[in-house]
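**Q** Handing you this structure, nothing more for now.
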Amino acid sequence: MTQFITKIKIKKMNIGIIGTGSIGSTLAEKLSNAGHQIKVNNTQDFAELSNIAEQLGAKAATIEDVVKDVEAIILSIPFSAYKDLPKDLFRDVPQEVVIMDTSNYSPLRDGELAGLEGKTESEYISETLGRPVVKVFNMAWAYTLKHQSKAAGEKGRIAISIASDNDEHKRLAAELVDQIGFDSVDGGSLSLSWRQEPGTPAFCTELNVEELKEALNEADKGTAPAIRDYTIDQLMKADPPLSHEQAVALMRSGSSKI
């Protein structure tokens, strides 16, 4: 049964973030504002990375240094880029460090990936990295994370699903979710994380806790890929581009179009 996650109160942490796209940069800024020490890395030259980091309240770091001396690592890169990370990147990272995955697979963007078939997206990433991961922040728009946070207990607070095989890591992720202004729901193990992947009722639909729990329970693994491809196609073809409200409405109605 999908449940609340009992959060743990965490001290201010050192957090490394790989990727400064719309999700990664939003998380860097919000977590910095929450008092955490943030290091960021991207594929741009170090001077440009330093400029971006300064704007986010973070420090620029090389790919090797961004994972050193941290309590948590957030990976916010294109799905197909995971296989291109240095093979020994996490060799010296202690097992207690929480590694969070925010990515989503898109066949149009990422192509066919060997080893993905038959696995959830985060199971594939966990195997690729050789480390357990927490699936979180993948099922929210960057706009949602940036503009629609609310204080704990405030009416209309949006919930985020968190899936992991490690309950302690899940609880820490839930505390970070709370600190940036969102409720959390226990999405179960990584084997169940498909319920928050693109094409499911939970994905980018901006639901509260009770609605999200229901959406996870109603997810249909068989129809999700078709709904994912349909909604991506509609987003790409829209001219002019859909407003945020229209995009959310599209995601909520996607299953009725298949």
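Taken together, the values in this text are just the output of simple stated rules run on the coordinates, not laboratory data. Computed from a predicted model, the values in this text were never measured in an experiment. Every residue, glycine among them, receives a Cβ derived from its backbone with ideal geometry; neighbour counts consider all protein chains shown.
**Q** From largest to smallest, what semi-axes in whole angstrom does segment 65-145 give when each is the square root of 5 times an eigenvalue of its alpha carbon gyration tensor?
**A** Its equivalent ellipsoid spans semi-axes of 21, 16, 11 Å.
**Q** Return the whole-Å distance between the Cα centroid of segment 51-84 and the Cα centroid of segment 112-133.
**A** So the two Cα centres are separated by 20 Å.
**Q** Size of the dipole of the chain about the Cα centre, Lys and Arg at +1 and Asp and Glu at -1 on the beta carbon, nothing else charged, in debye to 20?
**A** 480 debye
**Q** Give me the number: length gained by fully extending residue 175 to residue 237, i.e. 0.36 nm times residue separation minus the C-alpha to C-alpha distance, one decimal in nm.
**A** This chain segment gains 18.6 nm when fully extended.
**Q** Okay, next question. Could you work out the helix-only [θ] at 222 nm for the chain, with each DSSP H run of four or more residues adding -39,500 (n - 2.57) and the total divided by the number of residues, to the nearest 500 deg cm²/dmol?
**A** -10000 deg cm²/dmol, from helical runs alone.
**Q** Mean-square fluctuation check for the chain, GNM, Cα pairs under 10 Å: which of 228, 131, 195 is largest?
**A** So, out of 228, 131, 195, the one fluctuating most is 131.
**Q** Please pull out the direction-averaged projected area of segment 176-251, using the convex hull of its alpha-carbon atoms, in nm² to one decimal place.
**A** So the mean shadow area of the Cα hull is 5.7 nm².
**Q** By counting other Cβ atoms within 10 Å of each Cβ, how are 12, 83 ranked from fewest to most?
**A** Least to most surrounded, the residues fall as 12, 83.
**Q** Here is a follow-up. For segment 1-106, what D do you get in µm² per second when you plug the Kirkwood radius from alpha-carbon pairs into Stokes-Einstein at 4 °C and 1.567 mPa s?
**A** For the chosen part, D equals 90 µm²/s.
**Q** In the structure shown, do any of 119/146; 83/146; 119/221; 146/237; 237/257 have a Cα-Cα gap over 22 Å, and if so which?
**A** As for pairs spanning more than 22 Å Cα to Cα, those are 119/146; 83/146; 146/237.
**Q** What's the exposure ranking of 155, 30, 221, going from fewest to most Cβ atoms within 10 Å?
**A** Neighbour counts put them in this order, fewest first: 155, 221, 30.
**Q** Same structure, new question: Please compute P(r) over all alpha-carbon pairs of the chain, binned at 5 Å starting from zero, and give each bin as a whole-number percent.
**A** For the chain, the binned pair fractions read 1, 6, 14, 18, 20, 18, 13, 7, 2, 0 percent.
**Q** Let me ask something additional. Looking at segment 81-207, what % of the alpha carbon pairs are farther apart than 24 Å?
**A** 29 percent
**Q** A further question follows. Of 125, 95, 149, whose Cα points farthest to the positive end of the dipole of segment 78-257 (charges on the beta-carbon: +1 Lys, Arg; -1 Asp, Glu; origin at the Cα centre)?
**A** Toward the positive end, the furthest listed residue is 149.
**Q** While we're here: Looking at the chain only, what percent of DSSP beta bridges run antiparallel? Nearest 5 please.
**A** 5 percent
**Q** Pick from 245, 29, 48: which residue has the top mean-square fluctuation in a GNM of the chain where Cα pairs under 10 Å get a spring?
**A** Looking only at 245, 29, 48, the largest GNM fluctuation is found for 245.
**Q** Taking only Cα atoms and a 10 Å spring cutoff, compute GNM fluctuations for the chain and point out the largest among 236, 139, 100.
**A** Looking only at 236, 139, 100, the largest GNM fluctuation is found for 236.
**Q** Counting alpha carbon pairs within less than 8 Å and at least 6 residues apart, what relative contact order, in whole percent, applies to the chain?
**A** Once normalised by length, the contact order is 18 percent.
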